[in-house]
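Visitor: Please find one structure pasted underneath; my questions will follow.
The values are calculated or read from the model by the stated rules, or taken from the named source; none is laboratory data. Not measured: the values here are computed from a predicted model. Please note: Cβ atoms are built from the backbone with ideal geometry, for glycine as well, and neighbour counts cover all protein chains shown. For accessibility, only protein heavy atoms count, side chains too; no ligands or nucleic acids. Shrake-Rupley method; radii C 1.70, N 1.55, O 1.52, S 1.80 Å.
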Amino acid sequence: MNTWDERFNTIEYVYGEQPNAFIENYVEFLEGYVNVAAYAEGEGRNAVYLASKGHVVTAFDYAKSGLEKTAQLAKKHGVTVNTQLQDLLQDELPVETFDAAVMVFGHFPAEQQHAVFQRIVNSVKPGGRIMMELYSTYQLSYATGGPQNMNFLYNPASVLTWCQPYKIIHFFTGEQIRHEGTLHTGLAHTIQLIIEKS
């Protein structure tokens, strides 16, 4: 059992049952993009929300307990979410398979972040869209959620550089209020992006 398996092995949803505010506020940018992958999806709150909006959703995570809670939450809301037990650092991802992909607060070591980002982009078909919200390197001093290790936070300038080869529909870095379960509480510093492959 890995660290995330242990974290999600609870009755309560530690990040809550409601979708991430960025995904909820910008969901119209996924309209018409039917087949959506939700990466590092944890307990399934975003995947279930997107399924409730009519998307066909596959949730990827390497915590079995999180995927089990995803299935429970989907059942509670009367929707279906496909689940895949997968380690984004080790396992092969589908290539040019999905119409869109989302990732919210996926935590990876700095030296592997760009590779994960690129593999997620590669999993989307040409013309597809990718949405992410990430904790920035400034988040450490806010202490309102996310890793307490600078190496697992994202440099905003680096992320913007990663987005440059694609059409940038939305890019933001700065303060946001996040109330997501017991572990994301209050004012935070995040990076948001929506990009489109050509």
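Visitor: Among the residues of segment 50-57, is any within 21 Å of Arg178 (Cα to Cα), touching a strand residue (DSSP E or B) at 6+ places or on another chain (Cβ under 9 Å) and without any contact (Cβ under 8 Å) to a residue 60 or more places away in the chain?
Guide: At the first step, the residues of segment 50-57 found to be within 21 Å of Arg178 (Cα to Cα) are 50.
If we keep only those that are touching a strand residue (DSSP E or B) at 6+ places or on another chain (Cβ under 9 Å) as well, we get 50.
Filter again for without any contact (Cβ under 8 Å) to a residue 60 or more places away in the chain, leaving 50.
Yes, that holds for at least one residue.
Visitor: Moving on. Looking at the structure I just gave you, is Glu180 buried (at least 20 other Cβ atoms within 10 Å of the Cβ), within 23 Å of Leu50 (Cβ to Cβ) and either in contact with a helix residue (DSSP H, G or I) (Cβ under 7 Å, 6 or more places away or on another chain) or of a type in the set (D, E, K, R) (or both)?
Guide: When the stated conditions are applied, Glu180 passes them.
Visitor: Give the residue that is nearest to Gly44 (Cα to Cα), with candidates limited to residues of segment 1-32 that are more than 18 Å from the chain's Cα centre (by Cα) and charged (D, E, K, R).
Guide: Glu12
Visitor: Has segment 23-32 got any residue that is in contact with a strand residue (DSSP E or B) (Cβ under 7 Å, 6 or more places away or on another chain) and within 20 Å of Gly145 (Cα to Cα)?
Guide: The answer is yes, given that some residue of segment 23-32 is in contact with a strand residue (DSSP E or B) (Cβ under 7 Å, 6 or more places away or on another chain) and within 20 Å of Gly145 (Cα to Cα).
Visitor: Show me the helices (runs of 4 or more DSSP H) found entirely inside segment 13-93 where at least 3 residues are touching a helix residue (DSSP H, G or I) at 6+ places or on another chain (Cβ under 9 Å) and surrounded by 19 or more Cβ atoms within 10 Å (Cβ to Cβ).
Guide: 45-52, 64-76
Visitor: Tell me, yes or no, whether segment 136-157 has at least one residue that is touching a helix residue (DSSP H, G or I) at 6+ places or on another chain (Cβ under 6 Å), under 22 Å from Tyr33 (Cα atoms) and either without any contact (Cβ under 8 Å) to a residue 40 or more places away in the chain or open to solvent by less than 10 Å² (accessible area, probe 1.4 Å) (or both).
Guide: no
Visitor: For segment 118-145, which residues satisfy the criterion of being farther than 25 Å from Gly181 by Cα and either in contact with a strand residue (DSSP E or B) (Cβ under 8 Å, 6 or more places away or on another chain) or of a type in the set (Ser, Thr, Tyr) (or both)?
Guide: The initial filter retains those residues of segment 118-145 that are farther than 25 Å from Gly181 by Cα, namely 118-129.
Ile120, Val121, Ser123, Val124, Lys125, Gly127, Gly128, Arg129, listed by residue number.
Visitor: Continuing with the same structure: Quick one: which residue in Thr173, Thr161 is assigned to a helix (DSSP H, G or I) and at pLDDT 95 or above?
Guide: Thr161
Visitor: Now for a different question. Of all residues in segment 178-198, which are more than 18 Å from Pro156 (Cα to Cα) and assigned to a strand (DSSP E or B)?
Guide: Of everything in segment 178-198, those that are more than 18 Å from Pro156 (Cα to Cα) and assigned to a strand (DSSP E or B) turn out to be Arg178, His179, Glu180, His184, Thr185, Gly186, Glu196.
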